[in-house]
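Student: Input: one structure, supplied below.
The values are calculated or read from the model by the stated rules, or taken from the named source; none is laboratory data. The shown structure was predicted, so the numbers you read here are calculated from the model rather than taken from an experiment. A quick note on method: Cβ atoms are made from the backbone with ideal geometry, for glycine too, and the neighbour counts reach across all protein chains shown. Quick note on the areas: whole protein, heavy atoms, side chains included, nothing else; ligands and nucleic acids left out. Shrake-Rupley method; radii C 1.70, N 1.55, O 1.52, S 1.80 Å.
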Amino acid sequence: MANKERKVKKVQARHILVGSKELADEIKKKIDDGEEFSKLAEEFSECPSKKRGGDLGWFGKGMMVPPFEQAVIELEVGEVSKPVKTDFGWHVILLNKTRAVESPALEDVREMLVEDLRRAAVEAEMAVLRSQADIKLIEDPQIDPGAVK
């Protein structure tokens, strides 16, 4: 596999989270009129990231809720999104930077993947065995329950 095929996009973004679309629209207009994104985040955002001007740091695919992630993917660096609705509220998002991060080579992670697959197979088999077993727990005052664990 060529190196370019193993590149994963990471993004660095800021956001402002508010409770209503109307407020998000108002904030977006202020940004469009030239007000500084980070200052507006500090003033209006309901997210703890407001202390950092809305900075969410670097993140990749699958790390944010789908509507947020989709909005970020569609942005160009330096662009601010229209308001985006998620279960958390309304977001106005600024894409600061992107970078490609190379995925590890299969040879470098093969052992870990094999171990994960073995563990998953054992857990699946144990679940089947537990579902088929008739287990009765007997309380014996002479046995310390903590010792069994």
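Student: Just add up the charged neighbours of Lys29: K/R +1, D/E -1, any other residue whose Cβ is under 12 Å from the Cβ of Lys29. Could the numbers behind the result be given before it?
Tutor: Numbers: positive: Lys28, Lys30, Lys82; negative: Glu22, Asp25, Glu26, Asp32, Asp33, Glu35.
Charge balance near Lys29 sits at -3.
Student: Carbon-plus-sulfur fraction of the accessible area of segment 54-147, 1.4 Å probe, in percent? If you can, show how the numbers build up before the last one.
Tutor: Working: 4130 of 7240 Å².
It is 57 percent, rounded to a whole number.
Student: Suppose all protein chains stay in the model; what accessible area per residue would a 1.4 Å probe give for the chain, in Å²? Please list the in-between numbers first.
Tutor: On the way: 10880 Å² over 149 residues.
Spelled out: the 1.4 Å probe surface of the chain, per residue, equals 73 Å².
Student: Need one word for segment 48-93: rounded, prolate or oblate. Basis is the Cα gyration tensor (sqrt eigenvalues a ≥ b ≥ c); a/c below 1.5 gives rounded, then a/b vs b/c decides.
Tutor: Working: a/c = 1.21, a/b = 1.12, b/c = 1.08.
Rounded, since a/c falls under 1.5.
Student: Could you give the length gained on full extension between Asp140 and Met112, defined as 0.36 nm per residue of separation minus the Cα-Cα distance, in nm? Provide the component values of the computation, followed by the final result.
Tutor: Numbers: separation 28, 0.36 × 28 = 10.08 nm, distance 4.10 nm.
Computed gain between Asp140 and Met112 is 6.0 nm.
Student: Give the value in nm², to one decimal: projected area of the alpha carbon convex hull of segment 11-67, averaged over all directions.
Tutor: On the way: hull surface 16.4 nm².
So the Cα hull casts an average projection of 4.1 nm².
Student: Say the cut-off is 24 Å between C-alpha atoms; which of Lys10/Lys51; Lys9/Lys51; Lys39/Lys61; Lys9/Lys39 go over it?
Tutor: Correct reply: Lys9/Lys51; Lys39/Lys61; Lys9/Lys39.
Student: Taking R0 as 30 Å, what FRET efficiency do you get between Lys97 and Glu43 from their Cβ-Cβ distance, rounded to the nearest 0.05? Show your work: numbers first, answer last.
Tutor: Values: r = 24 Å, r/R0 = 0.78.
Calculated transfer efficiency: 0.80.
Student: Kindly provide the pair-distance distribution of segment 89-134 built from C-alpha pairs, with 5 Å bins from 0 and whole-percent values in order of increasing distance.
Tutor: Reading upward from the zero bin: 4, 15, 10, 11, 9, 9, 9, 13, 11, 6, 3, 1.
Student: Please give the FRET efficiency for Ala120 paired with Lys61, using the beta carbon to beta carbon distance and R0 = 22 Å, rounded to the nearest 0.05. Can you show the working numbers first?
Tutor: On the way: r = 22 Å, r/R0 = 1.01.
Efficiency for this residue pair is about 0.50.
Student: So between Phe88 and Lys51, what do we pick up on full extension, going 0.36 nm a residue minus the alpha carbon distance? Don't jump to the answer; show the numbers that get you there.
Tutor: Working: separation 37, 0.36 × 37 = 13.32 nm, distance 1.79 nm.
Roughly 11.5 nm would be gained on extension.
Student: Given that just one value was derived from the coordinates, which of (1) 15.2; (2) 15.9; (3) 19.4 is Kirkwood radius over Cα pairs in Å?
Tutor: Of the labelled values, this structure produces (3).
Student: Hey, another quick one. Restricting things to Cα coordinates, could you compute the convex hull volume per residue of segment 67-149 in Å³? The partial results should precede the final answer.
Tutor: On the way: hull volume 20.9 nm³, N = 83.
It comes to 251 Å³ per residue, whole-number rounded.
Student: Would you mind calculating the gained length between Ile73 and Asp25 on full extension (0.36 nm times residue separation, minus the Cα-Cα distance), in nm to one decimal?
Tutor: 15.2 nm
Student: Turning to a different aspect of this structure: Per residue of the chain, what 222 nm ellipticity follows from adding -39500 (n - 2.57) for every DSSP H run with n ≥ 4, rounded to the nearest 500?
Tutor: Details: 5 runs with 60 residues, N = 149.
Value at 222 nm, helices only: -12500 deg cm²/dmol.
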